[in-house]
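Quick notes on the structure that follows.
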Amino acid sequence: MKRYIGVARTSEIDPGSTKCVEVEGMKIALFNLEGQFYAIEDTCTHAAGPLSEGEISGEEVTCPWHGACFNIKTGEATTPPAVVAVKSYNTRVSGDEIEIELSD
């Protein structure tokens, strides 16, 4: 079953920035791209670097450890050394709360 869970307030993430949240034992990176919110796993598939600490450029985030890039909207690995995508999560905004969709 799918459900949405609140993880942050919109005011906590400025446009062009990110925040790491922990939900049910998972670390998730939330991104604000021009007022739209996106969520992907926070852990790089190459060597477990924290994507929420990476540099954002357009729709990509660069892992701060080894430079692998991921598409913020889809989780796709776009440059080596990572070749495996990270999980992406649907998001929605309810009032001023950002919610992500989780599956049971």
Within region 29-55, of all residues that are among the hydroxyl-bearing types (Ser, Thr, Tyr) and under 8 Å from the mean Cα position of the chain (by Cα), the one nearest to THR79 (Cα to Cα) is SER52
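Does VAL61 fit the bill of being surrounded by 13 or more Cβ atoms within 10 Å (Cβ to Cβ), of a type in the set (A, V, I, L, M) and over 17 Å from GLU12 (Cα atoms)?
Numbers: surrounded by 13 or more Cβ atoms within 10 Å (Cβ to Cβ): yes; of a type in the set (A, V, I, L, M): yes; over 17 Å from GLU12 (Cα atoms): yes.
Yes.
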Of the residues in region 1-28, those that are assigned to a strand (DSSP E or B), within 14 Å of ILE98 (Cβ to Cβ) and either over 13 Å from the mean Cα position of the chain (by Cα) or in contact (Cβ under 8 Å) with a residue 40 or more places away in the chain (or both) number 9
Note on region 1-27: residues acidic (Asp, Glu) and either modelled with pLDDT under 95 or at positive phi (or both) are GLU24
Here the qualifying pairs (Cβ atoms under 7 Å; residues six or more apart or on different chains; first in region 44-57 and more than 20 Å from ASN32 (Cα to Cα); second outside any loop (DSSP other than H, G, I, E, B)) come out as THR45/ALA77
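Scan region 39-49 and give yes if some residue there is exposed (fewer than 15 other Cβ atoms within 10 Å of the Cβ) and touching a helix residue (DSSP H, G or I) at 6+ places or on another chain (Cβ under 9 Å), otherwise no.
Initially, region 39-49 is screened for residues exposed (fewer than 15 other Cβ atoms within 10 Å of the Cβ), giving 47-48.
Still in the running and touching a helix residue (DSSP H, G or I) at 6+ places or on another chain (Cβ under 9 Å): none.
Within region 39-49, none of the residues are exposed (fewer than 15 other Cβ atoms within 10 Å of the Cβ) and touching a helix residue (DSSP H, G or I) at 6+ places or on another chain (Cβ under 9 Å).
The values are calculated or read from the model by the stated rules, or taken from the named source; none is laboratory data. Quick caveat: nothing in here was measured; it's all calculated off a predicted structure. Using ideal geometry, Cβ is built from the backbone for each residue, glycine included, and neighbour counts are taken over all protein chains shown.
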